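No lab work stands behind these numbers, since they all come straight from the coordinates. Predicted model only: the values in this text are computed from it and were never measured. We place every Cβ from the backbone using ideal geometry, glycine too, and count neighbours over all the protein chains shown.
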Amino acid sequence: MSLAVVLFYAFAIFTVVSAAGVAFSPNVVYSAFALMGTLLGVAAMYVFLAADFVAMAQVLVYIGGILVLMLFAVMLTHRIATANISNRSVGRVPALLIVSGVGLIMGRAIYRTNWVLGTDLPDAPSTYAIGTGFLGTYVLPFELASFVLLAVLVGAVAISRKELRDAQG
């Protein structure tokens with residue numbers, strides 16, 4: 001087995017174990033840190049799929065932005081680190097049946113699928129094609145989306161300023 005295959009399976013196992021930590025941890029803080037491991041493992045899967053842009057977007061947006069915001073919210077909440085989930089036993093049997101059924105269906109689909117292996121994919125980064133598309137064929141929709149986002153930002157600032165003036169006056 002090559003090093004790439006070993007690393008792929010190591011990251012796959014890491015992702016599944018981290019996801020189980022999110023689902024089964026009774027502590028909210030540990031669940032948040034396990035979610036970070038899960039998202040990092042998914043980013044590694046994108047790297048193995050040669051989707052470097054999606055992998056970096058995963059790291060920047062989910063791990064860098066959303067998860068850090070969640071961790072700050074969890075850490076700044078009063079006594080959240082000592083809070084435990086009290087109703088852990090509710091719904092375990094139905095959840096186990098549903099997960100087992102879905103697992104059997106997925107296993108059957110994986111076993112019966114005629115997988116096509118392709119080895120003639122280029123090793124070029126996907127960011128070049130995305131940049132060329134944004135600055136070439138899709139430049140008009142890209143610029144229109146930027147104007148829409150700018151209008152939303154200006155509207156959000158205007159609404160928040162109005163609420164601030166109403167609260168002061």
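List of remarks:
- Estimated FRET transfer efficiency when R0 is 35 angstrom, pair M45-R112 (beta carbons, to 0.05): 0.90
- For V17 and T132, the FRET efficiency from 1/(1 + (r/R0)^6), where r spans their Cβ atoms and R0 equals 41 Å, is about 0.60.
- A simple spin-label model places the labels of A73 and Y30 2.2 nm from each other, with each point 7 Å out along Cα-to-Cβ.
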